[in-house]
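See structure below.
The values are calculated or read from the model by the stated rules, or taken from the named source; none is laboratory data. For clarity, every value in this text was computed on a predicted model and none was experimentally measured. Virtual Cβ from ideal backbone geometry, glycine too; neighbours counted across all protein chains shown. Heavy atoms of the whole protein, side chains included, go into the accessibility calculation; ligands, DNA and RNA do not. Shrake-Rupley method; radii C 1.70, N 1.55, O 1.52, S 1.80 Å.
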Amino acid sequence: MTAGVERSGALYARARRVLPGGNTRTTVYERPFPRYAARGVGPWLTDVDGHRLLDCLNNYTALIHGHAYPPVLAAASQQLAFGTCFGLPTETEIQLAELLQSRVPAFEAIRFTNSGTEAVMQAVKAARAYTGRPLIAKCEGAYHGSYDYVEVSLDSPPDRWGEADRPARLPYAVGTPPSVVEDVLVLPFNAVAEARRLLVAAGPSLAAVLVDGMPNRAGLAPASAAYLGMLREVTRQVGAVLILDEVITFRLGPAGLRGLTGLEPDLTTLGKIIGGGFPIGAVAGARDVMAVFDPSAGRPRLPHGGTFNANPMSMVAGLAALSNLDPASFAALARMGDRVRHELDAALREAGVDGVVTGQGSLFKVHLGSGPVTDYRSAAAHPSDRVQRLHQRLLASGVLIGHDGLGCLSTVMTDQHLEQVVAAFRRSLNDPGVARA
Ligand SMILES: Cc1ncc(COP(=O)(O)O)c(C=O)c1O
């Protein structure tokens, strides 16, 4: 067993007896086994073998204030004593909805779920219920959670991904019904004319276009203003709903990516940071579309239950997290993000290692290999084994990023923490498995 991580190894051996492959979340699986977390405080995470790690992953972007943030701790502890969930609504759901609406007035109505996956699923179903049409469009390589339709062409391999101007529609999970794939149009990301042509041709049967303005799995490169503008224009033209997935990008500013780009989607999906570290998701948007959920005038067009929807633990934690995020917090995160992206990039140049760092605000992603990253295909041209090796080298130096190269800052980090990240990164570039040309 690997020296220094014996307890993680032993837990993994136990996990294999009760969980498939010892795992219950594909994202956190690692060979030969993952480190197991014991606790987290502020920007620090401690694993079960006692290693202290600077957490630059923040549960894949869900934690914007790091771990055990005192206002979240206080709000959640108080709510625990009052009861964690009821077969009745609570005032907390109104409070969190009001706070979100105060940030984005275009969130005319909001519906809570327990995850980003459910939020996206309900947004897609809402668009279908609103338009009475079956087809949705999404971008190649973009991850929107684990609903069958939005998984289409999530990890298309080069030998089957088809023409650049007309990406193939490929099922993700084995056994996905062919009908699912038929109802999804796959768009090339950031290719304005090509995507427009596909959308216009599909127009009469198109219920929705689902887009993430900076899709992590497709490289964490931003959609161009022209691309987003085209999506808005064409969806209006053909009568389809534009859904902006801000499950991650809502951490870019007080009004998320929409606030930075001026894009006006019909629906927005949220998750991660709005729950303060507890499970959450939300669909928010135009009152007429959101009316498909409204039960007050009889059976809604889209009934939507969920035992833990708007559970008060997630609501109060989200309220505590978001009330402590003002424009200055986002500006500080963006300044730190700019610094880290710039310094990682400089470290690559100085070491003569080919690579590129993408991202914006508090998010960064390291790609090792040559060429720019603008979409799924250009990101896929960078070999994943080198980035996995980077992740391992950083871990050995006490810094946690994703094994896909994703990094994410929190408000409790300081410049000293960033210096530690950059120093560890520089050291990792001496590893031949990372630097290999
Ligand atoms: C853009 C985006 N949408 C949706 C989801 C799904 O959210 P959840 O993991 O809460 O189901 C994710 C998760 O990473 C995401 O990144």
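The residue that is farthest from ALA286 (Cα to Cα), counting only those in region 213-249 that are among the polar types (S, T, N, Q) and within 10 Å of the ligand (Cβ to nearest atom), is ASN216.
Selection of region 416-433 for residues being of a type in the set (D, E, K, R) and open to solvent by 100 Å² or more (accessible area, probe 1.4 Å) yields only ARG427. From the list ARG236, ARG217, the one residue that fits, being over 22 Å from MET121 (Cβ atoms) and open to solvent by 10 Å² or more (accessible area, probe 1.4 Å), is ARG236.
Where in region 376-434 are there helices (runs of 4 or more DSSP H), lying wholly inside it, with at least 1 residues that are more than 21 Å from VAL28 (Cα to Cα) and of a type in the set (D, E, K, R)?
Details: elements: 376-380, 384-396, 415-428.
Because the criterion is at least 1 residues that are more than 21 Å from VAL28 (Cα to Cα) and of a type in the set (D, E, K, R), the helices (runs of 4 or more DSSP H) in region 376-434 that meet it are 376-380, 415-428.
Scanning region 261-292 for residues that are open to solvent by less than 10 Å² (accessible area, probe 1.4 Å) and either without any contact (Cβ under 8 Å) to a residue 40 or more places away in the chain or touching a Lys or Arg at 6+ places or on another chain (Cβ under 6 Å) (or both) returns ILE273, VAL283, VAL292.
One residue stands out among those in region 62-101 that are part of a helix (DSSP H, G or I) and in contact with a Ser or Thr (Cβ under 8 Å, 6 or more places away or on another chain): the one that is nearest to LEU395 (Cα to Cα), which is PRO71. For the structure I just gave you, tell me whether TYR130 is on the phi < 0 side of the Ramachandran plot and under 21 Å from the mean Cα position of the chain (by Cα). In short, no.
Residue selection: ALA193 fails the criterion of being in contact (Cβ under 8 Å) with a residue 60 or more places away in the chain, farther than 30 Å from ALA75 by Cα, away from the ligand (no atom under 14 Å from the Cβ) and among the hydrophobic types (A, V, I, L, M, F, W, C). Checked against (1) part of a helix (DSSP H, G or I); (2) open to solvent by less than 40 Å² (accessible area, probe 1.4 Å); (3) more than 16 Å from the ligand (Cβ to nearest atom), ARG128 meets all criteria but (2). Tell me, please, whether a residue that is basic (Lys, Arg), without any contact (Cβ under 8 Å) to a residue 24 or more places away in the chain and farther than 15 Å from CYS139 by Cα can be found in region 253-260. No, because not a single residue in region 253-260 is basic (Lys, Arg), without any contact (Cβ under 8 Å) to a residue 24 or more places away in the chain and farther than 15 Å from CYS139 by Cα.
From ARG39, ARG35, ARG31, ARG25, grab the single residue that is surrounded by fewer than 17 Cβ atoms within 10 Å (Cβ to Cβ) and touching a Leu at 6+ places or on another chain (Cβ under 8 Å).
Details: ARG35 fails: surrounded by fewer than 17 Cβ atoms within 10 Å (Cβ to Cβ); ARG31 fails: touching a Leu at 6+ places or on another chain (Cβ under 8 Å); ARG25 fails: touching a Leu at 6+ places or on another chain (Cβ under 8 Å).
That would be ARG39, the only listed residue that is surrounded by fewer than 17 Cβ atoms within 10 Å (Cβ to Cβ) and touching a Leu at 6+ places or on another chain (Cβ under 8 Å).
Return yes or no: is THR92 assigned by TED's automatic domain parsing to the domain that holds VAL316 and not aromatic (Phe, Trp, Tyr)? In short, yes. Contact map, region 197-225: first residue assigned by TED's automatic domain parsing to the domain that holds GLY116, second residue near the ligand (Cβ under 10 Å from one of its atoms) and open to solvent by 40 Å² or more (accessible area, probe 1.4 Å), Cβ cut-off under 6 Å, separation 6 or more or different chains; pairs are ARG217/TYR143.
Within region 93-108, how many residues are of a type in the set (Val, Ile, Thr) and free of Cβ contacts under 8 Å to residues at least 40 places away in the same chain?
Going residue by residue through region 93-108, those that are of a type in the set (Val, Ile, Thr) are 94, 104.
Add one more test, that the residue is free of Cβ contacts under 8 Å to residues at least 40 places away in the same chain, and what stays is 94.
Adding up the residues that qualify gives 1.
Scanning region 140-183 for residues that are loosely packed, with under 12 Cβ neighbours inside 10 Å and within 15 Å of ASP375 (Cα to Cα), we see that the one that is nearest to the ligand (Cβ to nearest atom) is PRO157.
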